[in-house]
1. Any idea which of 119, 184, 130 is surrounded by fewer than 18 Cβ atoms within 10 Å (Cβ to Cβ), more than 15 Å from the chain's Cα centre (by Cα), among the polar types (S, T, N, Q) and part of a helix (DSSP H, G or I)?
2. Report, by residue number, each residue of the range 1-46 that is assigned to a helix (DSSP H, G or I), polar (S, T, N, Q) and at pLDDT 95 or above.
3. Given the residues 144, 170, which is the only one that is open to solvent by less than 60 Å² (accessible area, probe 1.4 Å) and farther than 21 Å from residue 74 by Cβ?
4. With the structure loaded, tell me whether residue 178 is part of a helix (DSSP H, G or I) and either more than 18 Å from the chain's Cα centre (by Cα) or surrounded by 14 or more Cβ atoms within 10 Å (Cβ to Cβ) (or both) or whether it fails that test.
5. Where residues in the range 45-60 are of a type outside the set (A, V, I, L, M) and under 15 Å from residue 15 (Cβ atoms), which of them is least open to solvent (accessible area, probe 1.4 Å)?
6. Quick one: which residue in 207, 148, 141 is more than 28 Å from residue 115 (Cβ to Cβ), modelled with pLDDT under 95 and among the aliphatic types (A, V, I, L, M)?
7. Would you confirm whether or not the range 61-78 contains a residue that is closer than 13 Å to residue 24 by Cα, open to solvent by 20 Å² or more (accessible area, probe 1.4 Å) and either touching a Leu at 6+ places or on another chain (Cβ under 9 Å) or of a type in the set (Gly, Ala, Ser) (or both)?
Amino acid sequence: MSPRSPSVNEELRRRSRERLLQATVELVGERGYEATTLADIADRAGSARGLVSYYFPGKRQLLQSAVHRLMHRTLQAALEQEPRTADGEELLARAIDAILGLARDQPVLMRTHMAGILQADGFVRCPEQQHLAELLRDTVVRHGSLDVESDYPLLRALLMGAVFAVLLPGAPMPAYALRAELFQRYGLPWELGVPPGDEPSGGTGPVSRSSPAESGR
């Protein structure tokens, strides 16, 4: 048998890493952070325990990469949903709804992620985080920003603050109130994106602005 080519090996490594990230999202969402071990993650992913350490320096870094991957994939799906659009307001509305939707639909996972960011190790810069940043930055550009270097980090901070407020133990704010505040700040009509009560949630439902009847749903 001839040895595998470098491109094949690279693809196998990519798939292995993806399985670990997906297993992390699933297990932490089901059991919580403390009850999930690296061995559990490796078993769920069908990988050798040593591969986790090969790709990630620790469980906290693995979790942040896994959540950034989930956020990137969720945001990308929302922005590319049918009907496709190049409208900057609609894209920003979808982005806001996608991120708030994750806070609502994945509270254990997102609360753990936010807690990790606030710890001493801070924010992990990884390929998944970079993909998320590029997508969110492009949304700011498409919305018509004249100062992307200021507007992108501000939007990122506002979204992180909204997620924190939704997940705050003992004093959570309703997602619809935070959505209203963000939509007002950016001058977005309420009917854009996926207004509360529409299905499916999380910025993944179809949107149409072709008629008053449709936009008023």
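The values are calculated or read from the model by the stated rules, or taken from the named source; none is laboratory data. This structure is a prediction, so every number in the text was calculated from the model and none was measured. Here Cβ is always computed from backbone atoms with ideal geometry, including for glycine, and neighbour counts include all displayed protein chains. Ligands, DNA and RNA are stripped out before the accessible areas are found, and what is left, the full protein with its side chains, is counted by its heavy atoms. Shrake-Rupley method; radii C 1.70, N 1.55, O 1.52, S 1.80 Å.
1. Numbers: 119 fails: part of a helix (DSSP H, G or I); 130 fails: more than 15 Å from the chain's Cα centre (by Cα).
None of the others qualify; the one that does is 184.
2. We begin by selecting, within the range 1-46, every residue assigned to a helix (DSSP H, G or I); these are 6-31, 38-45.
Keeping just the survivors that are polar (S, T, N, Q) gives 7, 9, 16, 22, 24.
Those that are assigned to a helix (DSSP H, G or I), polar (S, T, N, Q) and at pLDDT 95 or above: 22, 24.
3. Details: 170 fails: open to solvent by less than 60 Å² (accessible area, probe 1.4 Å).
Result: 144 is the single residue among 144, 170 that is open to solvent by less than 60 Å² (accessible area, probe 1.4 Å) and farther than 21 Å from residue 74 by Cβ.
4. On the way: part of a helix (DSSP H, G or I): yes; either more than 18 Å from the chain's Cα centre (by Cα) or surrounded by 14 or more Cβ atoms within 10 Å (Cβ to Cβ) (or both): yes.
Against the criterion (part of a helix (DSSP H, G or I) and either more than 18 Å from the chain's Cα centre (by Cα) or surrounded by 14 or more Cβ atoms within 10 Å (Cβ to Cβ) (or both)), residue 178 qualifies.
5. Filtering the range 45-60 down to residues of a type outside the set (A, V, I, L, M) leaves 46-47, 49-50, 53-60.
Checking which are under 15 Å from residue 15 (Cβ atoms) leaves us with 46-47, 54-55.
Numbers: 46: 66, 47: 18, 54: 150, 55: 47 Å².
Only one residue tops the list, namely 47.
6. Working: 148 fails: modelled with pLDDT under 95; 141 fails: modelled with pLDDT under 95.
Just a single option satisfies the conditions, and that option is 207.
7. Going through the range 61-78, the residues closer than 13 Å to residue 24 by Cα turn out to be 61-70.
Okay, now just the ones that are also open to solvent by 20 Å² or more (accessible area, probe 1.4 Å), so 61, 69-70.
Remaining after also requiring either touching a Leu at 6+ places or on another chain (Cβ under 9 Å) or of a type in the set (Gly, Ala, Ser) (or both): 69-70.
Within the range 61-78, one or more residues are closer than 13 Å to residue 24 by Cα, open to solvent by 20 Å² or more (accessible area, probe 1.4 Å) and either touching a Leu at 6+ places or on another chain (Cβ under 9 Å) or of a type in the set (Gly, Ala, Ser) (or both).
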